[in-house]
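Take a look at the structure below.
The values are calculated or read from the model by the stated rules, or taken from the named source; none is laboratory data. Here the structure is a predicted model, which is why all the values come from computation and not from measurement. Positions of Cβ are backbone-derived with ideal geometry, glycine not excepted, and every protein chain shown enters the neighbour counts. SASA here: full protein model, heavy atoms, side chains in, ligands and nucleic acids out. Shrake-Rupley method; radii C 1.70, N 1.55, O 1.52, S 1.80 Å.
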Amino acid sequence: PLPADGRNTVEIESIPGQPTHEVTNQATPFCGYNAYLSDPALVEGIGRHGGAWGAKRLEHLGAAVGSEEWQVRAADANRHPPRLETHDRFGNRRDAAMFHPAYHQLMELGLESGAAAFAWQPENYKRPGAHVIRAALMYLMYQLDPGVCCPITMTFAAVPALRCQRPENDKNGYVASLLSKLVSCKYCGKDVPHESKPGGSMGMSMTEKQGGSDVRANTTRARPVRNGKEGPGDEFFLVGHKWFTSAPMSDAFMTLAQTKEGVSCFVVPRWLPDGSKNAGFSVQRLKDKLGDKSNASSEVEYRQAWGVMLGEAGRGVRNIVEMVVHTRLDCVIGSAALMRMSAQLAAHHASARSAFGIPLLEQPLMRQVLADLALESEAALATWLRLAHAFDEAPRQPSEAAFVRLATAVAKYYVCKRAPLVAYEAMECHGGNGYVEEGPMAKLFRQSPLNAIWEGSGNVICLDVLRALHREPASAKALLLELQSAIDFAEAASSTLQNNFASTVRSLEEDMGKPLESRARETVEKLAVCLQAATLVKYGDPEVAEHSLPHDWGQPFQATVLGAWRAACQ
């Protein structure tokens, strides 16, 4: 109020930039933690599946993933996506993707940690637990930056396919030389021949405009360099196009082309064995993708590109089966990692913020949402741990090899489809803060659909499962035995919470015996839910397992669409 004489004696701050408010009720950045040690389900699962001997390596990478320093680098690599440099300043053709320095630092971290080659190194190859540890390294790396995990996964998955080339067919020693670089756990970002680098990476160049997943419709053609030399290990020139060539700066690419015998598999390098550029490998443009911004995906033309035939002529699709199975494993791992990050960020936000005078973490509805996210995350984690353990045991146990073939496809379909739902619910937990590019949720949400599309979208995977059920009875039997082995555990759990796991498994026995294409999704979803439940009741936390089981009356957690969809799959 003014004094009676009308003079204003109230002191008013008039300095420009005067603060208008104090910033409160906001979460802090999610950093300064060890992504391995802070994940008890991961630590316990690694130990349970024979990977405890890799703990130090996992701790080391976990510290980097949770550090502010590496999170800034990941943000820089995504903020400055790669650009295509077709020519150098003198006019010479380069066909090179140029990356921010942070990308190369992330690639070095991932490859040297062993996220691609740990299980393939001579000292670890076929050692129990090696695939479990390698999978956990990928799980951690994906939480830091999914983009670089694309070439890391392809490098991992290419090794078993390349090893199928018989030594007598590796006529110039090229495949053996390339393999030695892929399993080295070393990285070099220079665009030079792989022989002069400490380590290498592998890309994939399969699909074409007119075919997509139907690679038998490919039109790229291969002709032998020398007449009469058109078998495994022989040299060919390729002519055609590739609609998606991932990681075009890789040292070499697995690709498919038509020969007289049909679709065949080839290895096409960026540099020829004599040290010159593979002039026929021409990058047309880089894809402007929804997510995965740090990584380059490209369109490529083969203009008499030099390549080496891998495996038998006309058996290209079969030759890449091993690679596809390993790539699908990493799709499951990557989506599980994205779920973990989404759930963690939602819980972190809720632990620091209040609404209507009550901390979010204490509000019943929010707790139900966070429980949904945690259940999905832990179910996905348990699934890939079981799969990775099967990869470890496959060389010694034919039943585990059979299990891998079918269970990996089932898990890939389901886990990867759940990731966008988890990311969305976690974003909603943040309110408006989740819908801005400055925060982490926007990148995770854009990334979340990728693994469901890569290496076979939903319908393709379902048809693949139907074919396996029909043509590979050993795989169907192995998966069914896995589910049946959990029935006693499920019935014991029903003493406190009724479930219909046993009846669902019995109904699946009938579905698997006469699979119908029109019901393929329903069958695969039931298989996936039961596989997750079986894995949790046998190997996971008892309380989490109890709530993962299918129930007659629906899921115990249904605050989100996650619980409703899971219940609908019963």
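Odds and ends about this structure:
- Pair list, Cβ under 8 Å, 6 or more apart: the stretch 152-172 residue more than 23 Å from SER297 (Cα to Cα) and in contact (Cβ under 8 Å) with a residue 12 or more places away in the chain, other residue in a helix (DSSP H, G or I) and open to solvent by 90 Å² or more (accessible area, probe 1.4 Å): none
- Filter result for ALA355 (more than 24 Å from the chain's Cα centre (by Cα) and open to solvent by less than 40 Å² (accessible area, probe 1.4 Å)): yes
- LYS514 of a type outside the set (Val, Ile, Thr), open to solvent by 40 Å² or more (accessible area, probe 1.4 Å) and without any contact (Cβ under 8 Å) to a residue 12 or more places away in the chain: yes
- Qualifying residue in the stretch 69-83 (condition: in contact with a Phe, Trp or Tyr (Cβ under 7 Å, 6 or more places away or on another chain), modelled with pLDDT of 95 or more and not in a loop (DSSP other than H, G, I, E, B)): yes
- Note on the stretch 20-48: among residues that are part of a loop (DSSP other than H, G, I, E, B) and either within 20 Å of the chain's Cα centre (by Cα) or of a type in the set (A, V, I, L, M, F, W, C) (or both), the one that is surrounded by the fewest Cβ atoms within 10 Å (Cβ to Cβ) is VAL23.
- For the stretch 147-169, the candidate set comprises residues that are among the polar types (S, T, N, Q) and farther than 15 Å from TRP454 by Cα; within that set, the residue that is surrounded by the fewest Cβ atoms within 10 Å (Cβ to Cβ) is ASN169.
- Sole exception among (1) hydroxyl-bearing (Ser, Thr, Tyr); (2) more than 30 Å from LEU375 (Cα to Cα); (3) surrounded by fewer than 19 Cβ atoms within 10 Å (Cβ to Cβ) for TYR103, by number: (3)
- Test: residue in the stretch 439-448 that is assigned to a loop (DSSP other than H, G, I, E, B), open to solvent by 10 Å² or more (accessible area, probe 1.4 Å) and either touching a Phe, Trp or Tyr at 6+ places or on another chain (Cβ under 6 Å) or not polar (S, T, N, Q) (or both): yes
- Considering the stretch 410-421, the residues that are of a type in the set (D, E, K, R) and open to solvent by less than 10 Å² (accessible area, probe 1.4 Å) include one that is farthest from LEU469 (Cα to Cα), namely ARG418.
- Meets criteria (acidic (Asp, Glu) and closer than 17 Å to GLY211 by Cβ) for GLU312: no
- Search result, residues across the stretch 49-74 that are open to solvent by 70 Å² or more (accessible area, probe 1.4 Å) and either of a type in the set (Val, Ile, Thr) or over 22 Å from the mean Cα position of the chain (by Cα) (or both): TRP53, LYS56, GLU68, GLU69, VAL72
- Output for the stretch 310-360, where each listed residue is among the small types (Gly, Ala, Ser), in a strand (DSSP E or B) and without any contact (Cβ under 8 Å) to a residue 40 or more places away in the chain: ALA355
- From the list SER196, SER250, the one residue that fits, being open to solvent by less than 30 Å² (accessible area, probe 1.4 Å), among the small types (Gly, Ala, Ser) and within 30 Å of GLN105 (Cβ to Cβ), is SER250.
- Lone qualifier among MET206, MET202 - being closer than 18 Å to GLU112 by Cα, open to solvent by less than 30 Å² (accessible area, probe 1.4 Å) and either out of contact with any Leu (no Cβ under 6 Å at 6 or more places or on another chain) or not hydroxyl-bearing (Ser, Thr, Tyr) (or both): MET202
- The residue list GLU400, GLU376 contains one member that is in contact with a helix residue (DSSP H, G or I) (Cβ under 6 Å, 6 or more places away or on another chain), assigned to a helix (DSSP H, G or I), in contact (Cβ under 8 Å) with a residue 40 or more places away in the chain and crowded, with 24+ Cβ neighbours inside 10 Å, which is GLU376.
- Residue among ARG134, ARG94, ARG79, ARG83 that is basic (Lys, Arg), touching an Asp or Glu at 6+ places or on another chain (Cβ under 6 Å) and either open to solvent by 20 Å² or more (accessible area, probe 1.4 Å) or within 25 Å of GLN397 (Cβ to Cβ) (or both): ARG94
- All positions within the stretch 422-438 that are open to solvent by 60 Å² or more (accessible area, probe 1.4 Å), under 19 Å from ASP292 (Cβ atoms) and touching a residue at least 12 places away in the same chain (Cβ under 8 Å): TYR424
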